[in-house]
Amino acid sequence: MSVDQGGMTGVSQSEDGDLDYKHNEHFVKTLFIPYIHDVYKDLAERAKQQEPGPGAMSGINRLTFLQFLNLPGILGERLFKMCSSTGQVTLVEFRKLMQKIFYSRVETKLSLVFDLYDFDCDGLISSGDIMLILLHVPLEVQPPTFQDRVNSHNSLLMFTQDLQKFMGGKT
């Protein structure tokens with residue numbers, strides 16, 4: 001981790017070998033990374049509310065992580081296990097995961113997906129890995145409720161407004 005000229009925590013040259021944001025580095029440093037930090041703070045606060053008390057750990061707990069990702073079956077559990085080294089997802093782990101998902105090279109994304117499906121970590125996606133996934137996929141998916149659609153629309157609207165402010169009112 002390094003600190004750039006503006007004092008914002010960023011990614012050092014040695015850490016960003018897998019990242020591919022050369023065409024929009026300004027966007028990543030001024031909007032994406034601060035946004036990811038804000039999302040992390042919100043999720044960590046939710047996790048803290050779920051486990052109140054002096055013994056509560058800081059970071060994103062398993063339940064909050066799974067609710068945030070909303071992946072089908074056991075894929076969310078698998079990603080949590082891959083991402084967390086302590087049972088709580090730290091800011092660095094969360095940032096690295098989000099950067100891999102949104103700003104890594106295709107090879108890195110493919111490697112992440114491969115590792116996600118390779119449950120027994122033998123370097124192969126076997127029929128046993130596929131069977132494990134299929135056995136845990138919900139058979140019935142509930143359609144989004146009206147409130148889900150309203151919340152989704154409001155989130156998109158707020159992001160669009162923030163982006164317009166960032167660009168100085170231009171669209």
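The values are calculated or read from the model by the stated rules, or taken from the named source; none is laboratory data. Since this is a predicted model, take the numbers as computed values, not measurements. Cβ coordinates were reconstructed from backbone atoms using ideal geometry, including for glycine residues, and neighbour counts include every protein chain displayed.
What to note about this one:
- Residue within segment 75-86 that is more than 13 Å from the chain's Cα centre (by Cα) and not in a helix (DSSP H, G or I) present: yes
- Residue count, segment 53-74 (criterion: closer than 15 Å to ASP42 by Cβ, of a type outside the set (Ser, Thr, Tyr) and assigned to a loop (DSSP other than H, G, I, E, B)): 2
- Scope segment 82-95; condition free of Cβ contacts under 8 Å to residues at least 12 places away in the same chain and surrounded by 14 or more Cβ atoms within 10 Å (Cβ to Cβ); matching residues: GLU93
- Qualifying position, being polar (S, T, N, Q) and not assigned by TED's automatic domain parsing to the domain that holds LYS29, among THR90, THR160: THR160
- Qualifying residue in segment 145-166 (condition: surrounded by 16 or more Cβ atoms within 10 Å (Cβ to Cβ) and either under 18 Å from ILE33 (Cα atoms) or not charged (D, E, K, R) (or both)): no
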